[in-house]
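Student: Structure provided below as structure tokens; questions to follow.
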């Protein structure tokens with residue numbers, strides 16, 4: 001009997017749900033606006049510092065794996081970490097890639113795009129994988 005009259009449906013509570021949803025959205029909007037006004041506005045990027053941090057990051061070795069192979073990339077990683085050197089410096093010492101190729105592969109824009117970093121600019125056939133195992 002109750003089911004035939006719709007008393008077991010949530011229709012009676014939809015206005016309440018909508019009201020609380022709109023209230024929650026207002027609160028969230030106010031919070032985001034406060035975050036923008038009090039935290040983000042006026043911030044400036046220190047490009048030089050960002051480049052330093054990227055250069056010292058050992059994580060960029062992962063972009064080299066398709067070109068060097070896993071084992072060789074691991075050697076570069078371990079050596080850079082143990083000797084506290086930049087990855088580019090270690091690669092130059094080991095003579096694994098030319099400076100020109102390194103600049104193409106370790107370009108921040110290339111590393112943040114889908115696919116293998118530098119594969120388009122280095123004209124590598126197929127999937128771009130060059131392995132030296």
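Nothing in this text is a laboratory measurement; each read-out follows from the coordinates by a stated rule. Source: prediction; values computed, not measured. All Cβ positions, even for glycine, are placed from backbone atoms using ideal geometry, and neighbour counts span all protein chains on display.
Student: Quick check on region 60-74: of everything there that is touching a helix residue (DSSP H, G or I) at 6+ places or on another chain (Cβ under 9 Å) and surrounded by fewer than 16 Cβ atoms within 10 Å (Cβ to Cβ), which residue is farthest from residue 117 (Cα to Cα)?
Tutor: Checking each candidate, the answer is 74.
Student: Got a number for residues in region 87-116 being outside any helix (DSSP H, G or I) and surrounded by 17 or more Cβ atoms within 10 Å (Cβ to Cβ)?
Tutor: We begin by selecting, within region 87-116, every residue outside any helix (DSSP H, G or I); these are 95-98, 106-107, 112-116.
Next, only the ones that are surrounded by 17 or more Cβ atoms within 10 Å (Cβ to Cβ) stay: 96-97, 106, 116.
Number satisfying all stated conditions: 4.
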